[in-house]
1. Could you check how many residues of segment 54-94 are in a helix (DSSP H, G or I) and either on the phi > 0 side of the Ramachandran plot or not polar (S, T, N, Q) (or both)?
2. If you take the residues in segment 95-135 that are assigned to a helix (DSSP H, G or I) and among the acidic types (D, E), which one is modelled with the highest pLDDT?
3. Collect the residues in segment 96-115 that are under 14 Å from L47 (Cα atoms) and either surrounded by 10 or more Cβ atoms within 10 Å (Cβ to Cβ) or of a type in the set (S, T, N, Q) (or both), keeping them in residue-number order.
4. Just one of (1) more than 11 Å from the chain's Cα centre (by Cα); (2) surrounded by 14 or more Cβ atoms within 10 Å (Cβ to Cβ); (3) at pLDDT 95 or above trips up G81, so point out which.
5. Does segment 31-70 hold any residues that are exposed (fewer than 11 other Cβ atoms within 10 Å of the Cβ) and of a type in the set (D, E), and which are they?
Amino acid sequence: MTRTHEKVGYLPKGEHDGYTRETAAEGVERALKLLEGRWKLVILFHLFGGRVLRFSDLERAIPSISQKMLIQQLRQMEKDGIVHRFVHHQVPPKVEYALTDWGQALCPALDALLTWAVGRPREVDAVGSPGAESA
């Protein structure tokens, strides 16, 4: 890539050399859509570290979530390949959930995002949210 202006630099080198700014933005947007939903991140954090939890354990761990919503979020995460559902055919039925390897790989990315968010400059907090009118 050649420079067209002094403020325009080179794209960083790395494993994503085939991306343009637009395709990189689209890829990140698709990734964030997988995590959309009020409860998906909470569920993820309960399952990180190789934890295997029964449905009832997740219900108790997240008391604010309805059973219907928990089922919907877990099914969506299973469909997306983030969560694996283990069904034990017994009476009473036993269903357990764990992260797939791909789902577990989210942990460092979310940790980096949390670290980034915690490092927010204090000036931004004093000014308010973006788009707020100044006096």
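The values are calculated or read from the model by the stated rules, or taken from the named source; none is laboratory data. These numbers come from a predicted model, not from an experiment. Cβ sites come from the backbone with ideal geometry, for glycine too, and all protein chains shown count toward neighbours.
1. Total meeting the criteria: 15.
2. D101
3. Matches in segment 96-115: E96, Y97, A98, L99, T100, W102, G103, Q104, A105, L106, C107, L110.
4. Checking G81 against (1) more than 11 Å from the chain's Cα centre (by Cα); (2) surrounded by 14 or more Cβ atoms within 10 Å (Cβ to Cβ); (3) at pLDDT 95 or above, the one that fails is (2).
5. E36
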